[in-house]
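A quick write-up on the structure given underneath.
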Amino acid sequence: MKHQHILMALIAVSCSLFVGPVHAEKDPLERSLNAYYAGHYNAAYNFTVPLAGQGNPAALNLLGMMYELGRGVPQDPARSVVYYRKAAEKGDIHAQFNLAVSYNTGVGIPMNFQQAVKWYRRAADQGADFAQYNLATMYEEGSGVAQDFQQAAQWYRLAAEHGNPQAQNNLGWLYKRGRGVGKNLMVAYAWLDTAAVQGLHSAAEERDRIAAQLTQNEYAIARSLAEKYRQDYAGGKKK
């Protein structure tokens, strides 16, 4: 399998989206999210509109998502971008990412890679691994920015250290090819292994191909490094 260049286009509502539904209703936004996760989109919309009217960035982002997907409202990608932008300008990390994806894909707004890079960077600077990954691919491909493998490696590394398997895979490939980093098959093996234990089968295939090229001593070093990366960046998963 080849180097992954998959656009991460998760429509992000809040951190809750990545860990499952919110159960306790400690504030009005949680009520909106609970209704949304339960599939009660009309109720979620009715709960969210007043919050968005108050300028709540997470609520604005949620409305943007509902308009983009047509959940509780008629589908209207152009209107979704309006809400994403309002939330993004208030610093909402998920809205910044969603706005970047809109520019990257031309959904609801004319495609503009430079603007996509701008908003990916805003979210990436706040530590969003999904934005760091997409920003890295922009640098690697030269989309919206001058092609820069060192910058690509930097952003892949940040995302990889947050546990992002696609970034771990791509960083492994950069080490294999010596692009933006010094060529090092042992480090390439370790990053590919870390992605593989998180379920990325293509990374496992490439890891095994690299293993066949290593000497016995190099393989021992690569395995030791891979174990460390698993513990640090893949929750200690074992092969």
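Consider region 123-144. How many of its residues are touching a Leu at 6+ places or on another chain (Cβ under 9 Å) and farther than 24 Å from TYR229 by Cβ?
The number of residues fulfilling the criteria is 1.
Run THR194 past the list (1) touching a Pro at 6+ places or on another chain (Cβ under 8 Å); (2) assigned by TED's automatic domain parsing to the domain that holds PHE113 and report the number of the one that doesn't hold.
Every condition holds for THR194 apart from (2).
Return the total of residues in region 86-123 being touching a helix residue (DSSP H, G or I) at 6+ places or on another chain (Cβ under 7 Å) and acidic (Asp, Glu).
Summing the residues that are touching a helix residue (DSSP H, G or I) at 6+ places or on another chain (Cβ under 7 Å) and acidic (Asp, Glu) in region 86-123 gives 1.
All but one of (1) without any contact (Cβ under 8 Å) to a residue 40 or more places away in the chain; (2) not in a loop (DSSP other than H, G, I, E, B) hold for LEU214, so report the exception by its number.
Among (1) without any contact (Cβ under 8 Å) to a residue 40 or more places away in the chain; (2) not in a loop (DSSP other than H, G, I, E, B), LEU214 violates only (2).
The values are calculated or read from the model by the stated rules, or taken from the named source; none is laboratory data. Computed from a predicted structure; not experimentally measured. FYI the Cβ positions are ideal-geometry reconstructions off the backbone, even for glycines, and counts take in every protein chain you see.
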